[in-house]
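These notes are about the structure you will find just below.
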Amino acid sequence: MWTIIEQIFPYAIVFTIPLLITALGGLFSERSGIVNIGLEGLMISGAFASALTVNFLQDKMQGSSILWMGLLVAVVVGILFSLLHAFASINLSADQVISGTAINMIAMALTVFLARNITGSGNIRITSGFTPFDVPILSQIPIIGDLLFTKTYATTWFILLVLLVSAFILNKTKFGLRLKSCGEFPQAAQAAGINVVRIRYIGVMLSGALSGLGGGIIILTYAGEFTGSVSGLGFLALASLIFGQWRPLGILGATLFFGFASTIANVSQVIPELAVIPPIILKIFPYVVTLIALVIFSKSSQAPKAAGEPFDPGKR
Amino acid sequence: MRNTIVSLISIVLGLIAGGLLMLFIGASPIEGYTYLFQGALKNISRIGDTLATATPLIFSGLAVAFAFRTGLFNIGASGQMLIGGLAATAVALTFDLSRPILLIVMVLAGIIGGGLWAFIPGLFKAKFNVHEVVSTIMMNWIAYWTVYYVVPGYFKGEFLETESRKLAEETTLRTPWLTELFQGSYINLGLFFGVIAVIIMAFIINKTTLGFELKAVGFNRHAAEYAGMKVNRNIILSMLISGALAGLGGVALYTGNASSMQIGILPSQGYDGIAVALLGANSPVGVFFAALLFGILYSGTGFMNAMIEIPPELANTIIAIIIYFAATSVLIHRVLNKFRKTRSNSNDVDGPVGKKGEA
């Protein structure tokens, strides 16, 4: 049993990280008051951008710098895409769910359209992504070393750092408190002199940046190829956000849960102890649990109160 | 009238954006659109294919529009279509019945499957106030994985692991006379079901007490409750009907247009239903025409792709952009208002000023 856990752990972490960073992006957007169900599309745009960048540069340059450059481009493209959502939902008071759906559909269609035009097949392959490494010294610690510090990616540590910084920004800085106030009671925030439109723009753009990063990390760590989808991870990130009750540490727990659940489902067939459970049960498990969690949390939901509502300064 | 103008402007803007995309990849938009419309409407068999392509969209569009009327956003039409299609396929592959009875049972199975899949989110919404957008997304993925394992497990195809067994010709919605009439097209009875569904839904929404109550709940849930309507029951009922429509769409898609189910795909028609409903301004007749338009786009791009090197995903992109413009229709409304204002000002100085903030 122990060896199984030891084997699964690194994979589960790798799978968790894109989910975590995307859910964190969603957190910034929803905390500022803009529901963003376009996370899936933003992830796809980031995945596309990073795959294209790395594919373009890999013959010309060496080393991992092109991978980081790929991630940077993913972030920029994610932000650009999210501006569509920001403009629709902030300036035009559009229905945020519909606008988010449009973002998803535009990203899914446009990236494959462009990829097919560029490569012919619609898939973009990269020759090498980030390579896993054992953290020196720390990986020697018994138990924890095997679980947490072996076969890790540089991106994993980077994302955990982003998580910590985000938690700090949200809870301890002036900007974080302003952001949250815009999601709870924007009219009061405006009365207190906060520029609600600007804060919400930043929230949505952060969600674009982090989701794009998440999509890029999928390609550059475990996927290795852009195929036009991120298989619903954006929606799973959305579920993590709700499951984690719109708090950074909450979503860390939720994404770890989903990461492990998905990894176990993926490897169940090769591990005799798990092969007795029908795979369908393992696959639908995260979604069923989310539904149950939604029901349980329904009475005590910590959702930002103004999320999804267009900002109307005149409404009191 | 105004909605129609806004929809038409959205379509034109979407087509312009598609044209720009073609220019961007170095193709000629005029040539591209010529081939696209030729591919969809050039001869009788292509027209039949276009109508068949539009059929599942009629259902998913009706499903989304119907739920919209009650203020519910059914984003789970894809999953409901999958389950409806799976139920109908299972019936067709399992039972040995005479054709008319079999078709009736298949349709019923599709209605029940899709309805059940939407009933759960409806129940959660009514009883626990769980947002239907999130719960229907979860239901989509549960449907996806259900089909992923049930099809290879029980209805595995002869050659491919990833497909169900092919349905025999007489257990599908295709009929020889329609196929002959449209010269070998895959048009099928689904289209008639679609037209009937449009008529029934228009009747329910506009002429019945049920339709009135559903709309009332959509306009103002609290006012409806105050007026003595059973809000929770109406929410569940609306989702149930919406899911049943999507389930029927699944029947048309998997046992009419196609004759087997593939695993690992959430049908994009479910999401397109949102676009269809928006463009059709949530009215059944509007949905019908919007679905026809999307049918033209989808069935034409295959031919366009074969004639000149433009990827067929152009259709999806245009549709997605149309949704975006439909979602931001406030902008169009504003421009229209400004236009009307300047015109009325120049014609009649004392005339009423255009209404502001109508949307």
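The values are calculated or read from the model by the stated rules, or taken from the named source; none is laboratory data. The shown structure was predicted, so the numbers you read here are calculated from the model rather than taken from an experiment. Here the Cβ is made from the backbone with ideal geometry for all residues, glycine too, and neighbour counts use every protein chain on show. For the accessible areas, the whole protein counts, side chains as well, though only heavy atoms, and no ligand, DNA or RNA atoms are used. Shrake-Rupley method; radii C 1.70, N 1.55, O 1.52, S 1.80 Å.
For the reader, a short list of remarks on this structure follows.
- For chain A, the longest principal axis of the alpha carbon atoms and the long axis of helix A:96-119 meet at an angle near 40°.
- A:Asp134 accessible area, 1.4 Å probe, all protein chains in place, Å² to nearest 10: 90
- Averaged over residues, the count of other Cβ atoms within 10 Å places the peptides B:49-61, B:75-87 in the sequence B:75-87, B:49-61, highest first.
- Taking Cα atoms only, the orientation of helix A:248-267 departs from the longest principal axis of chain A by about 40 degrees.
- Euclidean distance between Cα centres, region B:229-281 to region A:186-215, Å: 34
- Bridging of B:Lys42 to aspartates and glutamates at a Cα separation below 16 Å is possible for B:Glu31, once same-chain residues fewer than 8 apart are set aside.
- Here is how the number arises for chain B: DSSP H runs of 4 or more residues each give -39500 (n - 2.57), the sum is divided by the residue count, and the result at 222 nm is -25000 deg cm²/dmol.
- Against the rule of thumb 2.2 N^0.38 Å, how large the Cα Rg of region B:51-282 comes out: 1.01
- Among B:Ala88, B:Ala143, B:Ala244: highest mean-square fluctuation, GNM of chain B, C-alpha pairs under 10 Å: B:Ala143
- Computed with every protein chain present, the accessible area of A:Glu309 is close to 80 Å² [probe 1.4 Å].
- Among the residues of B:114-124, the average count of other protein chain beta-carbon atoms within 10 Å of the residue beta-carbon is 1.
- For region B:51-282, the relative contact order works out to 46 percent when only alpha carbon pairs closer than 8 Å and six or more residues apart are counted.
- Which of B:Ile25, A:Ile137 is most accessible, then next, and so on - probe 1.4 Å: A:Ile137, B:Ile25
- For the peptide A:83-92, the mean number of other protein chain Cβ atoms found within 10 angstrom of a residue's Cβ is 3.
- Overall form of the protein assembly as shown per C-alpha gyration tensor (a/c, 1.5; a/b vs b/c): rounded
- For the residue pairs B:Lys125/B:Lys230; B:Lys207/B:Lys230; B:Lys215/B:Lys338; A:Lys180/B:Lys125; A:Lys283/A:Lys305, alpha carbon separations beyond 21 Å are given by B:Lys215/B:Lys338; A:Lys180/B:Lys125; A:Lys283/A:Lys305.
- The solvent-accessible area of B:His222, taken with every protein chain present and a 1.4 Å probe, is close to 130 Å².
- Taking all protein chains into account, the per residue accessible area for the protein assembly as shown stands at 42 Å² (1.4 Å probe).
- Dipole magnitude (debye, nearest 20) for region B:51-282, charges at Cβ of Lys, Arg, Asp, Glu: 700
- Within the accessible area of chain A (1.4 Å probe), percent carbon and sulfur: 68
- Accessible-area order (highest first, 1.4 angstrom probe) of the listed residues A:Ser121, A:Ser32, B:Ser283: A:Ser121, B:Ser283, A:Ser32
- Estimated from the Cβ-Cβ distance and a Förster radius of 60 angstrom, the FRET efficiency linking A:Thr131 and B:Thr209 is about 0.35.
- Evaluating 6.51 cos²θ - 1.76 cosθ + 1.60 at θ = phi - 60° for every residue in region A:16-29, the Karplus couplings come out as 5, 4, x, 4, 4, 5, 5, 4, 5, x, x, 4, 4, 5 Hz, glycine and proline recorded as x.
- Computed over chain A: relative contact order in percent, which uses C-alpha pairs under 8 Å that are six or more apart: 36
- Each label point was placed 7 Å from the Cα along the Cα-to-Cβ direction; for A:Asn195 and B:Ala227 their separation is 4.4 nm.
- Averaged over B:309-316, number of beta-carbon atoms from partner chains that fall within 10 Å: 6
- Separation of alpha-carbon centers, region B:294-318 and region B:52-126, rounded to whole Å: 27
- Estimated inter-spin distance, B:Phe192 and B:Glu180, nm [label 7 Å along Cα→Cβ]: 1.5
- Qualifying aspartates and glutamates (Cα of each under 13 Å from Cα of B:Lys341; at least 8 residues distant if same chain): B:Asp350
- In degrees, nearest ten, helix A:233-243 long axis to first principal axis of chain A (Cα): 60
- Cα principal axis extents for region A:2-231, largest first, Å: 55, 47, 31
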